[in-house]
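Note sheet for the following structure.
The values are calculated or read from the model by the stated rules, or taken from the named source; none is laboratory data. In this text, all values refer to a predicted model and were calculated from it rather than measured experimentally. Reconstructed Cβ throughout: ideal geometry from the backbone, glycine too, with neighbour counts over all protein chains shown.
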């Protein structure tokens, strides 16, 4: 039976547990042995728990192991955000999503690697070293939720949680050949998620298929009084959208996402996906999102500005790393100098500059206005279409070290995902093909409301796993 677990979805594993075909202990033991034997090569986990975090209840997913990105608080467990400055910090409370996972009976198996404080698109800036792509160990898994995506792709756990500020769930899902969902802003509580960009961050699921994604969304979504940005709108049962076909679905194809810079193999895979949508009865509509070209520049003012503000709390006084010093300013310099990595320092500097006196109006306020225009582009397009189909990333996974010396090139890896965060809407990346080198290619569906996105695409995509 243990061998068959690799062929089952998370929901199917839970059903086997419920029907006493396999026990929770057997499931956990199977995946733990798989982590022990495989992860030393992948390095997707930061910490694997000797005993799973205790659960409080049950649900359709009860008994299934799940991994959490290392920026989500789990009471009594280390949370480091893959940064030296927090390498010994133990969380004193549970994130809201953790409480909901416990109440649903899922087994938290451990925490996964990430770019330091979620600053990156490759999981190379982690203080623990890079995670490797299961399809090619010389390539990155994407970032910043690269550890979560790699763990799911390699079937070390049936599913995982990541966070998405500018594409950090969807881009690694694309690189690793799995499904990654970024919910509508406010749909999932951010309480207990270590903040990067407070107006952009969202926690979301990474799974092998859309069905698991829908059930996991049912667990983690909903209003939370601890999060002032949490949506009070009723949370639908996302599984109700799993049985609908796509006949008559209006699918927008934005010309701005199919321009110079898009890899030919990615473009070819997306065109094939469009053809499949047509065959399934969808209506293809050409659309335009004219302010897309300003998205990256806008994001890299707003996100670092918010990061600079959020990271002020890591000062060596209240928690985390502390370097001895004779004066306060010296304490700050020593602690932050030793604790933060290069990319974290770069983003703090960019954000502090953008918010500084004399530059706030010229940079941050102007970027905020452009953000409004980007959001309006989507609102205008969604008057004539139901969803938008785009590539998730301009190219498949790149080699480790290929872009670390060129930050601008790294930042452009998120060119197709960033606009979604700026607009506060939802999107999902799903596998739509492979390159000649057997690297996954991801397509992205963008929606205005979360409940309009999750559907059964089994007849559109074929999930494969690395050997």
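Looking at the range 124-137, can you tell me whether even one residue there is within 17 Å of residue 203 (Cα to Cα) and crowded, with 24+ Cβ neighbours inside 10 Å? Among the residues of the range 124-137, not one is within 17 Å of residue 203 (Cα to Cα) and crowded, with 24+ Cβ neighbours inside 10 Å, which makes the answer no. Just to be sure, is residue 465 out of contact with any helix residue (DSSP H, G or I) (no Cβ under 6 Å at 6 or more places or on another chain), at pLDDT below 90 and closer than 30 Å to residue 8 by Cα? It is true that residue 465 is out of contact with any helix residue (DSSP H, G or I) (no Cβ under 6 Å at 6 or more places or on another chain), at pLDDT below 90 and closer than 30 Å to residue 8 by Cα.
Of all the criteria given as (1) part of a strand (DSSP E or B); (2) touching a strand residue (DSSP E or B) at 6+ places or on another chain (Cβ under 8 Å), the one not satisfied by residue 80 is (1). So which of 237, 245, 286 is touching a strand residue (DSSP E or B) at 6+ places or on another chain (Cβ under 7 Å) and surrounded by fewer than 16 Cβ atoms within 10 Å (Cβ to Cβ)? Unique residue meeting the criteria: 286.
For the range 63-96, a tally of residues being surrounded by fewer than 17 Cβ atoms within 10 Å (Cβ to Cβ) and either touching a helix residue (DSSP H, G or I) at 6+ places or on another chain (Cβ under 6 Å) or at positive phi (or both) returns 1. Residues in the range 44-62 that are under 17 Å from residue 100 (Cα atoms) and surrounded by fewer than 24 Cβ atoms within 10 Å (Cβ to Cβ): 52, 53, 54, 55, 56, 57, 58, 59, 60, 62. The set of residues in the range 297-330 being surrounded by fewer than 17 Cβ atoms within 10 Å (Cβ to Cβ) and within 23 Å of residue 377 (Cα to Cα) consists of 297 alone. Within the range 234-241, the presence of a residue that is at pLDDT 95 or above, part of a loop (DSSP other than H, G, I, E, B) and assigned by TED's automatic domain parsing to the domain that holds residue 122 is excluded. For residue 129, the criteria (1) under 27 Å from residue 221 (Cβ atoms); (2) assigned to a loop (DSSP other than H, G, I, E, B) hold in every case but one, which is (1). Note on the range 305-342: residues that are within 13 Å of residue 196 (Cα to Cα) and either touching a strand residue (DSSP E or B) at 6+ places or on another chain (Cβ under 6 Å) or part of a helix (DSSP H, G or I) (or both) total 9.
Picking from residues in the range 88-125 that are modelled with pLDDT of 95 or more, part of a loop (DSSP other than H, G, I, E, B) and touching a strand residue (DSSP E or B) at 6+ places or on another chain (Cβ under 8 Å), the one that is nearest to residue 193 (Cα to Cα) is 95.
Residues in the range 103-123 that are over 29 Å from residue 440 (Cα atoms) and crowded, with 20+ Cβ neighbours inside 10 Å: 104, 105.
With respect to the conditions (1) surrounded by fewer than 21 Cβ atoms within 10 Å (Cβ to Cβ); (2) in contact (Cβ under 8 Å) with a residue 60 or more places away in the chain; (3) assigned to a loop (DSSP other than H, G, I, E, B), residue 20 lacks only one, and its number is (2).
Among the residues of the range 140-192, just one is under 24 Å from residue 37 (Cβ atoms) and out of contact with any helix residue (DSSP H, G or I) (no Cβ under 8 Å at 6 or more places or on another chain), namely 147. Within the range 357-385, restricting attention to residues that are more than 19 Å from residue 285 (Cα to Cα) and not in a helix (DSSP H, G or I), the residue that is modelled with the lowest pLDDT is 357. Would you mind stating whether residue 273 is part of a helix (DSSP H, G or I) and within 29 Å of residue 401 (Cβ to Cβ)? So residue 273 does not fit the description; no. Considering (1) surrounded by 13 or more Cβ atoms within 10 Å (Cβ to Cβ); (2) within 24 Å of the chain's Cα centre (by Cα); (3) under 18 Å from residue 200 (Cα atoms), the lone condition that residue 393 does not fulfil carries the number (3). Among the numbered conditions (1) at pLDDT below 95; (2) not in a helix (DSSP H, G or I), the only one that residue 388 does not meet is (1).
For the residues 197, 204, the requirement of being assigned to a strand (DSSP E or B), surrounded by 17 or more Cβ atoms within 10 Å (Cβ to Cβ) and in contact (Cβ under 8 Å) with a residue 12 or more places away in the chain singles out 204. Scanning the range 13-63 for residues that are closer than 17 Å to residue 219 by Cα and out of contact with any strand residue (DSSP E or B) (no Cβ under 7 Å at 6 or more places or on another chain) returns 13, 14, 15, 54, 56, 57, 58, 59, 60, 61, 62.
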